[in-house]
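Take a look at the structure below.
The values are calculated or read from the model by the stated rules, or taken from the named source; none is laboratory data. Everything quoted here is computed from the prediction, not taken from an experiment. Here the Cβ is made from the backbone with ideal geometry for all residues, glycine too, and neighbour counts use every protein chain on show.
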Amino acid sequence: MPTAEIIALGTELLLGEIQDTNTRYIARHLRDTGIDLFRTAIIGDNAERIAQALREALTRAQIIITTGGLGPTVDDPTRQAVALAVNVPLEYCPELWGQIQARFERFGRQATENNKRQAYIPQGSIPVENLVGTAPAFITETGGSVIISLPGVPREMEFLMENVILPYLKEKFDLKGTIQALVLHCAGLGESQLDEMIGDLEKLSNPTVGLSAHAGQIDIRITAKANSIEDAQKMLDELGQVIRQRVGNAIYGQNEDTLESLIATRMEVLGHSLTVVEGGLGSELVRRLERAGIQTNALIQPTAEDETTFKETLENHAEAQQTRYALAVNFIPGQWQQNMWAFLITPEGLYELHRSYGGPAQMGTAWAVNTALDFVRRNIA
């Protein structure tokens, strides 16, 4: 099974001016095609540095995919960098120039001499017509490896990836397998606790199991390689069931599930809204609930100093809103330890939660929100 690396190109990515969404998209499609992705990188618009990164990548991987740097300006260095990396000159491709001119004509415009730069590609490369944009792509085969250079515009990259590049890779490397993944989301457990429950499964080679800790929740990622999607899915289902049996109710969902989406589904079944009193969280709890479609009738306050008064505020607000379900969460930041109180009113009674957090201070709000949402998830019948 071939291995791959992705190199996203653009100084604007390094400066944080735009977000690199292309790498995530390509990574998922490589996974689904059965290609192991070993490394990703971001490099600025410098031909020498890009060429060096490409040379290094060619020593490790059979497939290198670049995105960006294929425009008509002097700071679009991908063509030159690939040529440097494989030690060939750039050559003019009349076929590409004709495609570029035709594309501009369809837009009612005329291609300039600057655009002609885009018709030069490394000698011996395979030109790839861009039917949804003006920046052609190209494939450079070198030894047993390939460098695939794609536009940085997501819509153009995605079109070419799906319609040209993936079919090319499947044929080139005789790909018949697939890699599929299942992510189980957990809350209410520490990473060390979870590791004790499933540590032996983390030593498996196929499927593989890995943990990813976040503020207030942990993801269990299961990845399976197989000859077909069906076989891989069977492997995921079987191991997922083993993990669910061991971890139990701490697993609240999988893949795209969120705590707030599960709560929203439950409140819809119950036919009620969830009134919220929030203290010291900067409206983050309310934002997440309302994005999930939950009506909160929120009362937003700064951090409360007195627990009894805060609980009374919840009771009074719930009575004023005539609601049967109401949540109050108060977050108390600190330099070394951060604390939270949570109170939940339901028809079954009043539930209370007190928790402390010793992780990074900047993650305190996310921890408190996730902890509070898990508290609700566990206590609405």
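Each row is one residue, and each column tells you yes or no for (1) loosely packed, with under 15 Cβ neighbours inside 10 Å; (2) farther than 27 Å from Thr3 by Cβ; (3) in contact (Cβ under 8 Å) with a residue 60 or more places away in the chain.
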site: Pro136; (1), (2), (3): no, no, yes
site: Phe159; (1), (2), (3): no, no, no
site: Glu162; (1), (2), (3): yes, no, yes
site: Ile179; (1), (2), (3): no, no, yes
site: Leu184; (1), (2), (3): no, no, yes
site: Ala187; (1), (2), (3): no, yes, yes
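Scanning the stretch 250-294 for residues being outside any loop (DSSP other than H, G, I, E, B), crowded, with 18+ Cβ neighbours inside 10 Å and among the β-branched types (Val, Ile, Thr) gives a total of 6.
Of all residue pairs spaced 6 or more apart or on separate chains, none has beta-carbon atoms under 6 Å together with a first member in the stretch 31-59 that is without any contact (Cβ under 8 Å) to a residue 24 or more places away in the chain and at positive phi and a second member that is surrounded by 15 or more Cβ atoms within 10 Å (Cβ to Cβ) and of a type outside the set (A, V, I, L, M, F, W, C). Sub-8 Å Cβ pairs linking a first residue in the stretch 318-346 that is assigned by TED's automatic domain parsing to the domain that holds Leu270 and more than 15 Å from Gly279 (Cα to Cα) to a second residue that is among the basic types (Lys, Arg) and outside any strand (DSSP E or B), at least 6 apart or interchain, are Ile345/Arg324; Thr346/Arg324, ordered by first then second residue. Taking the criterion of being among the polar types (S, T, N, Q), more than 21 Å from Thr11 (Cβ to Cβ) and in a loop (DSSP other than H, G, I, E, B), the residues of the stretch 27-86 that qualify are Thr59, Gln62.
Each residue in the stretch 329-381 was checked for being of a type in the set (Phe, Trp, Tyr) and part of a helix (DSSP H, G or I), and 2 of them qualify. Across the stretch 33-92, the number of residues qualifying as over 28 Å from Ala181 (Cα atoms), of a type in the set (Asp, Glu) and at pLDDT below 95 comes to 4.
Kindly list the number of the only condition in (1) modelled with pLDDT of 95 or more; (2) more than 23 Å from the chain's Cα centre (by Cα) that fails for His272. Here His272 clears every test but (1).
Would you point out the residue of the stretch 6-35, among those that are over 17 Å from the mean Cα position of the chain (by Cα) and of a type outside the set (A, V, I, L, M), that is surrounded by the fewest Cβ atoms within 10 Å (Cβ to Cβ)? My answer is Glu17. I need every pair where a residue in the stretch 111-125 that is under 15 Å from Ala135 (Cβ atoms) has its Cβ under 7 Å from the Cβ of a residue that is basic (Lys, Arg), sequence separation at least 6 or different chains. Between residues of the stretch 111-125 that are under 15 Å from Ala135 (Cβ atoms) and residues that are basic (Lys, Arg), the close pairs are Tyr120/Arg79; Ile121/Arg79.
Name the residues in the stretch 18-32 that are in contact with a helix residue (DSSP H, G or I) (Cβ under 9 Å, 6 or more places away or on another chain) and either at pLDDT 90 or above or small (Gly, Ala, Ser) (or both), would you? Residues satisfying the conditions are Ile18, Gln19, Asp20, Thr21, Asn22, Tyr25, Ile26, His29, Leu30.
Of the helices (runs of 4 or more DSSP H) lying entirely inside the stretch 113-207, those containing at least 3 residues that are within 27 Å of the chain's Cα centre (by Cα) span 154-160, 166-172, 191-198.
A quick yes/no check of all residues on (1) touching a strand residue (DSSP E or B) at 6+ places or on another chain (Cβ under 8 Å); (2) more than 30 Å from Leu353 (Cβ to Cβ); (3) modelled with pLDDT under 90:
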residue: Leu189; (1), (2), (3): yes, no, yes
residue: Ser192; (1), (2), (3): no, no, yes
residue: Met197; (1), (2), (3): no, no, no
residue: Thr208; (1), (2), (3): yes, yes, no
residue: Ile218; (1), (2), (3): yes, no, no
residue: Glu238; (1), (2), (3): no, yes, no
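Being assigned to a helix (DSSP H, G or I), in contact with a Gly (Cβ under 6 Å, 6 or more places away or on another chain) and of a type in the set (A, V, I, L, M, F, W, C): is that true of Ala232 here?
Judged against the criteria, Ala232 is not a match.
Residues considered: Asp219, Asp231. Of these, the only one that is within 30 Å of Asn339 (Cβ to Cβ) and either in the same structural domain as Asp195 (by TED's automatic domain parsing) or out of contact with any Leu (no Cβ under 8 Å at 6 or more places or on another chain) (or both) is Asp219. The residues listed here are Arg377, Arg288; of these, the one that is basic (Lys, Arg) and out of contact with any strand residue (DSSP E or B) (no Cβ under 8 Å at 6 or more places or on another chain) is Arg288. Looking across the stretch 68-117, the residues that are under 20 Å from Val146 (Cα atoms) and of a type in the set (S, T, N, Q) come down to Thr78, Gln80, Asn87.
All conditions but one from (1) under 17 Å from Ser283 (Cα atoms); (2) out of contact with any strand residue (DSSP E or B) (no Cβ under 8 Å at 6 or more places or on another chain) apply to Trp341; the one that does not is (2).
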